[in-house]
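Have a look at the structure below before the remarks.
The values are calculated or read from the model by the stated rules, or taken from the named source; none is laboratory data. Model, not experiment: these values are computed from the prediction. No Cβ is skipped: glycine too gets one built from the backbone with ideal geometry, and neighbour counts run over all protein chains shown. With ligands, DNA and RNA removed, areas are computed over all heavy atoms of the protein, side chains included. Shrake-Rupley method; radii C 1.70, N 1.55, O 1.52, S 1.80 Å.
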Amino acid sequence: MSKLVDHYDGLLCDIWGVLHNGVAAFDEAVDALCRVRASGRYVILITNAPRLSKDIYPQLKRLGFPREAFDTIITSGDVVNALIAPHPGAPLYHFGPARDLSVLESLKNPVVELPDAKLCLLTGPLDDAIETADIYRSELVRMRDNAVLMICANPDLVIRSGNRMVICAGSIAQLYSQLGGKVIFAGKPQAAIYNEALKRAKDLAGQDLPKERLLAVGDGLLTDIKGAADNGFDAYFVAGGIHASEFGEMSSVSEATKAANTIKSRYSNLKLVGICDKLRWT
């Protein structure tokens, strides 16, 4: 990061997999972001967490992530309202764990059980131990047959929690789509969360910051990297997150170059300015 930071006014940095693994913060990533801010740049954390951003601040604190390492947080839960707004009064079913209930706080739609729903706000599996979305197949078929529109508040397919991979809402939404259901996604790689990031950057800087002055950092190819490519931001890929088994430890320049070329071949419109095994300053 020390070799890149002078080219940018700020970072749009992913959280889970880049800054922590759900159990503890990564010390080198903490140090890197603190140094970025100390250099006068802005750090905007941008995450597909399906909760409101106010819930993420205490979570980061519990994991040992200091407040001075970042300026502000934007979650996919923060931008859900814009997707639900075109459906005022539509009865809504919340599909997700109780820890995500904050996302319902600002919604005016009546919250109902599945048989009465016209909208489904999907925030994640009901049990973190679930390894496949197929366990919800019968419920998803019922939703499809009732023409329920699903709004997925977390497009991530999986995350690494400690030493294991667990599914996210995106895996359930993917199955619903395969079954013929209609899905709208909040969060990365969609534009709404990046537009909100640009607004936050303007508030922090007191002026518009062009996209080319903001660097998107993340470990998800389908979310962080595709989002950067689709929305016009330079990208810095952290290969040691959810794609660690695909790219390995990248212990040599040739391995890193091969990984970078693989990524560029998938996203022709991507400006990939760097790749690392884990986020660090030097």
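In table form, for the structure just shown:
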{"quantity": "Nonlocal amide H pairs with Gly10, under 5 Å, H built at 1.01 Å", "calculated": "Tyr42, Leu215"}
{"quantity": "Cβ-defined net charge surrounding Leu114, 9 Å radius [Lys, Arg +1; Asp, Glu -1]", "calculated": "-2"}
{"quantity": "Difference of contour (0.36 nm per residue) and Cα-Cα distance, Ala24 to Lys54", "calculated": "8.9 nm"}
{"quantity": "Cα gyration tensor shape of segment 126-196, rounded if a/c is under 1.5, else prolate or oblate by comparing a/b with b/c", "calculated": "oblate"}
{"quantity": "Cα pair distances in segment 202-276, grouped into 10 Å bins until the bin that holds the longest one, percent each", "calculated": "20, 49, 22, 8, 1"}
{"quantity": "Segment 72-199 - convex hull of alpha carbons, volume per residue in Å³", "calculated": "115"}
{"quantity": "FRET efficiency estimate (nearest 0.05) - Cβ-Cβ, Lys118 to Asn195, R0 22 angstrom", "calculated": "0.25"}
{"quantity": "Two-site FRET efficiency, His7 against Arg99, from Cβ-Cβ distance with R₀ of 35 Å, rounded to 0.05", "calculated": "0.40"}
{"quantity": "Reach of Lys188 by Cα under 24 Å, taken over lysines that are not fewer than 8 positions away in the same chain", "calculated": "Lys54, Lys61, Lys199, Lys202, Lys211, Lys226, Lys264, Lys271, Lys278"}
{"quantity": "Loop sites in segment 85-143: trypsin sites (Lys or Arg not before Pro), DSSP, at most 13 other Cβ within 10 Å", "calculated": "Lys108"}
{"quantity": "Net lengthening on full extension, Asn81/Glu139 (0.36 nm per residue, minus Cα-Cα)", "calculated": "18.4 nm"}
{"quantity": "Where segment 1-144 is the region considered: accessible area per residue in Å², 1.4 Å probe", "calculated": "44"}
{"quantity": "Extended-chain gain in nm, criterion 0.36 nm per residue less alpha-carbon gap, Lys271 and Ser161", "calculated": "36.7 nm"}
{"quantity": "Alpha-carbon centroids, segment 259-277 and segment 132-155: separation in whole Å", "calculated": "33"}
{"quantity": "Inter-centroid distance (Cα atoms) of segment 59-116 relative to segment 182-247, Å", "calculated": "19"}
{"quantity": "Percentage, to the nearest whole number, of Cα pairs in segment 20-133 over 23 Å apart", "calculated": "41"}
{"quantity": "Directionally averaged projected area (convex hull, Cα atoms, the chain), nm²", "calculated": "14.4"}
{"quantity": "Virtual spin-label span in nm between Glu212 and Ser251, 7 Å along Cα→Cβ", "calculated": "4.0"}
{"quantity": "Mean ellipticity per residue at 222 nm, deg cm²/dmol - from DSSP H runs of n ≥ 4 across the chain, formula -39500 (n - 2.57)", "calculated": "-8000 deg cm²/dmol"}
{"quantity": "Loop GluC sites (Glu not before Pro), segment 93-136, which have at most 10 other Cβ atoms in a 10 Å radius of their Cβ (DSSP)", "calculated": "Glu105, Glu113"}
